[in-house]
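Since every read-out is calculated from the coordinates, none of them should be taken as a lab result. In this text the structure is predicted, and so the values were computed from the model without any measurement. Here Cβ is always computed from backbone atoms with ideal geometry, including for glycine, and neighbour counts include all displayed protein chains.
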Ligand code: SF4
């Protein structure tokens, strides 16, 4: 939970920073990753109001601007429902608020979870207009649910968007990158199943976009352009006020200590704009290095699209935890997925 003081400082700095960006068409603010319904009464309303003020103060409007908050909606319906209703009452015109349900498949059996909390999911959809779902992949998570079961669960309860995260850190390395082959098969199966059923999910669009961008315009120029733009427009701030670059691989990954990177600065250090202007060059160089250190990446046909994503964070974590496999095999899940999407993008 962020202190009131820190919340004010972060929002002040971000509002000031948004004013320096040209051509910004939409603002999304996500408060994650904890269960916000478990926090003191009124906390989510305060978060939303600060986010809505930021959006409205920017002068940017449109259907895509929104504030999101994470929750598990776990709890008795009689307790959860009034909380959701009170939060929904604070919504102002022009800035929708959407819940993102955090699913922990290791702790919750999918069918039971669905049955127990179906009423809370339905109420959330009615109050907020849509509900998204997010989950972290690990060896035990994919053994707890098949890709098809997850798609069934998402369809049955009307989730609009699924963020599937693979976020390897020093602490969970064995359960994530250590289970590479199993997780890769699960991701491929999920991509096929979700696409066949028109379920919107996180990693498909970013991989298709990167493939399309480098097919049309190969080379360093377009990579720098994409990385600079992502650095400027995709930031994460933690509860200490650290500001970090956020990229997308299998879900969101960011340049923080847990991924082996230093934050680009802190809200206490001064305005965000100069930090971003310096950091974007360092980040671009780090991405190239995180790939070129890996033998398999140097000759990979997907090197350019891969450098536009957050997969470099997986390479770095592998390097920290003992090195990369020798030979030409991709050290993690990226190449199998690029192979999967490449034919489709080429045919488009
Ligand atoms: S797909 Fe794999 S081998 Fe290819 S550049 Fe990306 S990480 Fe390296």
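Going by neighbour counts of Cβ atoms within 10 Å, the residues 120, 155 line up, fewest first, as 155, 120. For the stretch 1-145, the orientation-averaged shadow of the C-alpha convex hull comes to 9.6 nm² (one quarter of the hull surface).
Going by how many other beta carbons lie within 10 Å of each one, how would you line up 25, 107, fewest first?
By the 10 Å Cβ count, ascending, the order reads 25, 107.
Pairs of Cα atoms under 8 Å, at least six residues apart: use those to get the relative contact order of the chain, whole percent. Can you show the working numbers first?
Working: 513 pairs, mean separation 51.7, N = 348.
Here the relative contact order equals 15 percent.
When restricted to Cα atoms, the stretch 32-116 yields an Rg and a Dmax of 14.4, 44 Å, respectively.
For the stretch 209-347, what does the relative contact order come out to in percent, with C-alpha contacts under 8 Å and a separation of six or more? Provide the component values of the computation, followed by the final result.
Numbers: 161 pairs, mean separation 36.6, N = 139.
Worked out over the stretch 209-347, it gives 26 percent.
Over all alpha-carbon pairs in the stretch 229-275, figure out the percentage whose distance exceeds 15 Å. Pairs farther apart than 15 Å: 40 percent.
Pair-distance distribution P(r) for the stretch 209-347, from all Cα-Cα distances in 5 Å bins starting at 0: 2, 10, 20, 22, 19, 14, 8, 4, 1, 0 percent.
Of the peptides 230-239, 94-103, the ranking by mean beta-carbon count within 10 Å, highest at the top, reads 94-103, 230-239.
Taken along its principal axes, the alpha carbon cloud of the stretch 132-264 reaches lengths of 39, 38, 29 Å, longest axis first.
Counting other Cβ atoms within 10 Å as a rough exposure proxy, the listed residues 30, 313, 116 run 116, 30, 313 from fewest neighbours to most. The distance linking the stretch 294-308 with the stretch 221-269 is 21 Å (Cα centroid to Cα centroid, whole angstrom).
How big is the antiparallel share of DSSP beta bridges in the stretch 4-202, given as a percent to the nearest 5? So the antiparallel bridges amount to about 0 percent of the total. Dividing the convex hull volume of the alpha carbon atoms of the chain by its residue count gives 134 Å³ per residue. Length gained on full extension, residue 281 to residue 188: 30.1 nm, using 0.36 nm per residue less the C-alpha separation. Placing dummy labels 7 Å off each Cα toward the beta-carbon, the span from residue 299 to residue 257 is 4.1 nm.
Adding -39500 (n - 2.57) for every DSSP H run of four residues or longer, then dividing by how many residues the chain holds, sets the calculated 222 nm ellipticity at -16000 deg cm²/dmol. All C-alpha pair distances within the stretch 116-160, sorted into 5 Å bins from zero, spread as 5, 19, 26, 23, 15, 9, 3 percent across the bins.
For residue 78, project a label point 7 Å along Cα to C-beta. Then give me every residue of the stretch 116-133 with its amide nitrogen under 16 Å of that point. Taking a point 7 Å out along Cα→Cβ of residue 78, the residues of the stretch 116-133 whose backbone N falls under 16 Å are 120.
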